[in-house]
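The values are calculated or read from the model by the stated rules, or taken from the named source; none is laboratory data. Computed from a prediction, not measured in an experiment: that's the story for all the values here. Cβ atoms come from the backbone with ideal geometry, glycine included; neighbour counts cover every protein chain shown.
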């Protein structure tokens, strides 16, 4: 009975995590689109939504880990055993369902990693491009300028504004 409850809780948490991963992926894609189409007002909104959902994912992941650890402990399976080894202790139908859900979760994680990588690349390219432009326009501003007492000094007298819509 306790085993069935833990299995159901584990399944539920994995399904929740899959939904959250899919939502995270969708938000990352919208963020990427907002950057590409220069919709800067949407950028902060998307980033805040990503921050919130990442906390939700973290909590779901912790709950999933707790249920899996409890299930492994109940079955007397050593901690070094993988998920696929643990599910072998269940009847075929439950094993197949858990493996299917676990595979779907792993695919969701890969999808998010891929999207995050593309997003990181986009931001690096934008940052590098902006730095190249600024270096060409202001070659005398390379590096930091320090005062006589060794503290970094700003460029207050030479401020400039970058037009984000360019």
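Going through (1) at pLDDT 75 or above; (2) surrounded by 10 or more Cβ atoms within 10 Å (Cβ to Cβ); (3) part of a helix (DSSP H, G or I) one by one, residue 93 falls short only on (2). For residue 45, the conditions (1) more than 30 Å from residue 126 (Cα to Cα); (2) loosely packed, with under 15 Cβ neighbours inside 10 Å; (3) within 21 Å of the chain's Cα centre (by Cα) are fulfilled apart from (1).
Is it fair to say residue 62 is over 30 Å from residue 3 (Cβ atoms) and surrounded by fewer than 16 Cβ atoms within 10 Å (Cβ to Cβ)? Taking the combined requirement at face value, the residue does not satisfy it. Condition first: touching a helix residue (DSSP H, G or I) at 6+ places or on another chain (Cβ under 9 Å), farther than 23 Å from residue 107 by Cα and assigned to a helix (DSSP H, G or I). Can you find one or more residues in region 77-86 that meet it? No, there is no match, as no residue in region 77-86 is touching a helix residue (DSSP H, G or I) at 6+ places or on another chain (Cβ under 9 Å), farther than 23 Å from residue 107 by Cα and assigned to a helix (DSSP H, G or I). Does residue 98 count as more than 22 Å from the chain's Cα centre (by Cα) and either part of a helix (DSSP H, G or I) or on the phi > 0 side of the Ramachandran plot (or both)? Here the answer is yes, as residue 98 does meet what is asked. When region 8-38 is limited to residues that are more than 30 Å from residue 71 (Cα to Cα) and exposed (fewer than 14 other Cβ atoms within 10 Å of the Cβ), the one that is modelled with the highest pLDDT turns out to be 26. Going by the conditions given, is residue 17 touching a residue at least 60 places away in the same chain (Cβ under 8 Å) and either under 30 Å from residue 121 (Cβ atoms) or in contact with a strand residue (DSSP E or B) (Cβ under 7 Å, 6 or more places away or on another chain) (or both)? So residue 17 fits the description; yes.
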